[in-house]
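Working notes, beginning with the structure itself.
Readers should treat all values here as calculations from the given coordinates under stated rules, not as data from a laboratory. This is a predicted model, so every value here is computed, not measured. Here the Cβ is made from the backbone with ideal geometry for all residues, glycine too, and neighbour counts use every protein chain on show.
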């Protein structure tokens, strides 16, 4: 547009505005006020405000505005390369307004964020546990003890209901040397192993011999220790346990003592 | 109105009204008038979907937002500590004068406006600088049209009397 025409338009517009303001004012006052209002009106004609980056993204370029305002017949006019470039800012503005494509990746990441956090947390816990197991010997031993205790509990329940052979492998250290040693001690030692785990409840329905009654008293002495006489039969049962597999030759001497101890116990108890 | 029309209207409103909005804010004493002008037009963009009346409606809405920003500015400035006034005699810096300074420097229109009360200054700025009608000015100032007419008449009398006093006073 021609700047001279713009100035004429502005002057004409300023006169219109001032006339509107001075409609109800008497002519003498209006003549004195007119230059003051014209000076005030110059406040509306400063330089154009330079738009910031955010505001510039919202504005159409002059070329894009001209092409949008121009009718379709003027579009194929011979515009060399200048008419093609304004479409880029216009497209950029429309993309900003649409707001349909950009949020999609953000939503996906928001939905997958808890899953990723759970995976990372699980991996961290697993790595920490593995490091502790590799570094600490006690951790592994306690873990083995825990597994053994679980297996023993499960095996104890299984042995109490069907039969004794499944319970024998659990206290494998104690009854294994006793089994090949002698005939009378063989039934005593597995029952002693059972008394440590299952207690006298499992042996109560089988009061057959004196050898079976002896472990019952030892189990009772180990838990409550009612009298000093009851502690005597406990000695032979404790002797093999600390030595485990080493004092195997001494075991044959134990059955010689064992028959005496059970005979003394019932007598002492009765 | 489709988004393309919104963009065209917003661009036309910014190109047409931004100088007068900046002049209005500057006359209201807003310090960073250019930044507040951009803020005003960003607020206009968020409301342009519900705008009616084309460019004339946009003008009324823009100056409504600008009026609110000026009121907020003065309220905020009342709560903040008073600034030290600038003394040009002691300032050795030199900057080029703006077109508004050159235009208003001789007559002192801004100084005349500053001598008026807030309501008188506001009604003259909205009527002369913003080119709003009596009804639009009344809506922005939350007054009736008759009250705005009366206020404008008193503002013009005050402006003329201050101009006479300024001319008679020795420079």
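For the modelled label position 7 Å from the Cα of residue B:164 along Cα-to-Cβ, which residues of the stretch A:23-49 have backbone nitrogen atoms closer than 17 Å?
Under 17 Å, as judged by backbone N against the label point of residue B:164, lie A:25-37 of the stretch A:23-49.
Between residue A:34 and residue A:9, how high is the FRET efficiency from 1/(1 + (r/R0)^6) when r is the Cβ-Cβ distance and R₀ = 30 Å? Nearest 0.05.
In this case the efficiency is close to 0.95.
Taking the alpha-carbon centroid of each part, what is the distance from the stretch B:34-56 to the stretch B:107-154 in angstrom?
22
Just grab the label-to-label distance for residue B:91 and residue A:124, each label 7 Å out from Cα along the Cβ direction, in nm (one decimal).
That separation, rounded to one decimal, is 5.5 nm.
If packing is taken as the mean number of other Cβ atoms within 10 Å per residue, what is the order of A:50-56, A:18-24, B:155-161, highest first?
Highest to lowest by the protection proxy: B:155-161, A:18-24, A:50-56.
Using only the Cα atoms, work out Rg/Rh for the stretch B:105-171, with Rh taken as the Kirkwood radius, to two decimals. Write down the numbers at each step before the final one.
Values: Rg = 12.8 Å, Rh = 12.4 Å.
Rg divided by Rh gives 1.03.
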